[in-house]
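Enquirer: Shown below is the structure under consideration.
Only the coordinates and a few stated rules stand behind these numbers; no lab work does. Please read all numbers here as calculations on a predicted model, not as lab measurements. FYI the Cβ positions are ideal-geometry reconstructions off the backbone, even for glycines, and counts take in every protein chain you see.
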Amino acid sequence: MIEYRNVGMVYGQNEILTQIDLTIKDGELFVLVGPSGSGKTTLLRMLNRLTVPTRGDIYLDGIKIKDHDIQKLRLSMGYVLQESSLFPNLTLEDNIALQLEQLGVSKAKRRKRAQELLELVELPASKYAKRYPKDISGGQKQRVALVRALAADPKLILMDESFSALDPVLRQQMQTLILKLWQKFKMTVVFVTHDMQEALRLGQRIAVLNEGQLKQVGTPHELLTAPADCFVKEFFSQGPKKTLTLKELIASLSLAPKPYDEKCPELTAVVEVLSYLRKQPSLDFNYHEATYTLTLDQLLQYLESAGI
């Protein structure tokens, strides 16, 4: 568990963060969202001591971050930046295995792990392991950077605007990929973004920041239906609402992240959606960079109006 207790940050005369109290649960995909300059990246960088708060403390598993050995702390985490930051002189395989090498893992085990991870993100090791970063696309580089962060099987992954440099199609693909990997490995992910749609799609819970202040923490549904103030309401009201055809509805559900209940099947057909909504109050899904919340009554009314 991660706990921020009365955390503040001052640079010169500028107060970057003001009295942040925040808890992030183990195994949670937690998003920090807000406009540029709101303090979200500063909060993230405090977790691996790239930034040190000027007030308050941060606890990781009950121990103050500042009391952890800094090298062991950083080796225990994965970190994915906006740019892939791959080493140009290393092969993709060696880039992925870099942290394992620092941990003293044998070369054979490093190679096996790197190849397994390449396969996991649909970059066949036989084709990509010996390539260099210059030989692959931007989207492929970000896939490699993502699995590099997973190589040492960390409990915590830090992601700082990791998909913001990608075009919309690649960005949505990477969002789907991180959801898939998070569900597979059950690690804690702290994800920074300024994009409210990305926050709504990825966040199990979301912390909204503005001008260094924590405005609200909640689920996507809570933020959309019960915003704490005018800023939160306006921030999440951006973007046009859309009317979906039945075909678009089914297509969008096939792209949606799997619900957080492991026992629930992938929702790729209307009958499965109906079955799910009979047990749960609502379903959040994404379509063309917009997020929708669907209830059983809404779906039944839609199907009736469509003559189905």
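Enquirer: Under a Cβ-Cβ cut-off of 13 Å, what is the net charge of the residues other than SER76 that fall near it, where Lys and Arg count +1 and Asp and Glu count -1?
Expert: So the environment of SER76 carries a net charge of +1.
Enquirer: In the stretch 118-201, if every C-alpha pair distance is counted and binned at 5 Å from zero, what percent goes to each bin?
Expert: 3, 12, 26, 25, 19, 10, 3, 0
Enquirer: What are the extents of the Cα atoms of the stretch 181-220 along their three principal axes, in Å, largest first?
Expert: The principal-axis extents, from largest down, are 35, 17, 16 Å.
Enquirer: While we're on this one: At what distance in angstrom do the alpha carbon centres of the stretch 38-99 and the stretch 143-167 lie from each other?
Expert: If we compute the Cα centre of each part, the gap is 11 Å.
Enquirer: By how many nm would the segment from ASP229 to SER36 grow when fully extended, if each residue of separation counts as 0.36 nm and the alpha-carbon distance is taken off?
Expert: 67.6 nm is the gain from fully extending ASP229 to SER36.
Enquirer: Report the calculated FRET efficiency for TYR11 and ASP69 (r = Cβ-Cβ distance, R0 = 22 Å), to the nearest 0.05.
Expert: The value I calculate is 0.25.
Enquirer: Then there's this: Determine the gain in length on full extension of the stretch MET1-GLU122; use 0.36 nm per residue of separation and subtract their C-alpha separation, reporting nm with one decimal.
Expert: 40.4 nm
Enquirer: Rounded to whole Å and sorted largest first, what semi-axes of the equivalent ellipsoid does the C-alpha gyration tensor of the stretch 155-226 yield via the square root of 5 times each eigenvalue?
Expert: 20, 15, 13
Enquirer: Nearest 20 debye, what's the magnitude of the dipole of the stretch 57-131 about its Cα centre given +1 on Lys and Arg Cβ and -1 on Asp and Glu Cβ?
Expert: Computed charge dipole of the stretch 57-131: roughly 380 debye.
Enquirer: While we're on this one: Write down the radius of gyration of the stretch 2-235 and its Dmax, each obtained from C-alpha positions, in Å.
Expert: Gyration radius and largest Cα-Cα distance of the stretch 2-235: 18.0, 56 Å.
Enquirer: Listed highest first by mean packing, meaning other Cβ atoms within 10 Å per residue, what order do 139-151, 101-113 come in?
Expert: 139-151, 101-113
Enquirer: Magnitude of the Cβ-charge dipole of the stretch 1-72, K/R +1 and D/E -1, about the Cα centre, nearest 20 debye?
Expert: Once rounded to the nearest 20, the dipole reads 200 debye.
Enquirer: Also: Can you tell me the FRET efficiency between TYR132 and GLU211 if r is taken as the Cβ-Cβ distance and R0 is 51 Å, rounded to the nearest 0.05?
Expert: About 0.75, to the nearest 0.05.
Enquirer: If you take every residue apart from LYS130 with its C-beta less than 10 Å away from the C-beta of LYS130, what net charge results, scoring Lys and Arg +1 and Asp and Glu -1?
Expert: Here the charged neighbours net out to -1.
Enquirer: Going through the cross-link list LYS25/LYS155; LYS25/LYS64; LYS130/LYS184; LYS66/LYS184; LYS107/LYS155, which pairs have a Cα-Cα distance over 19 Å in this structure?
Expert: Listed pairs above 19 Å: LYS130/LYS184; LYS66/LYS184; LYS107/LYS155.
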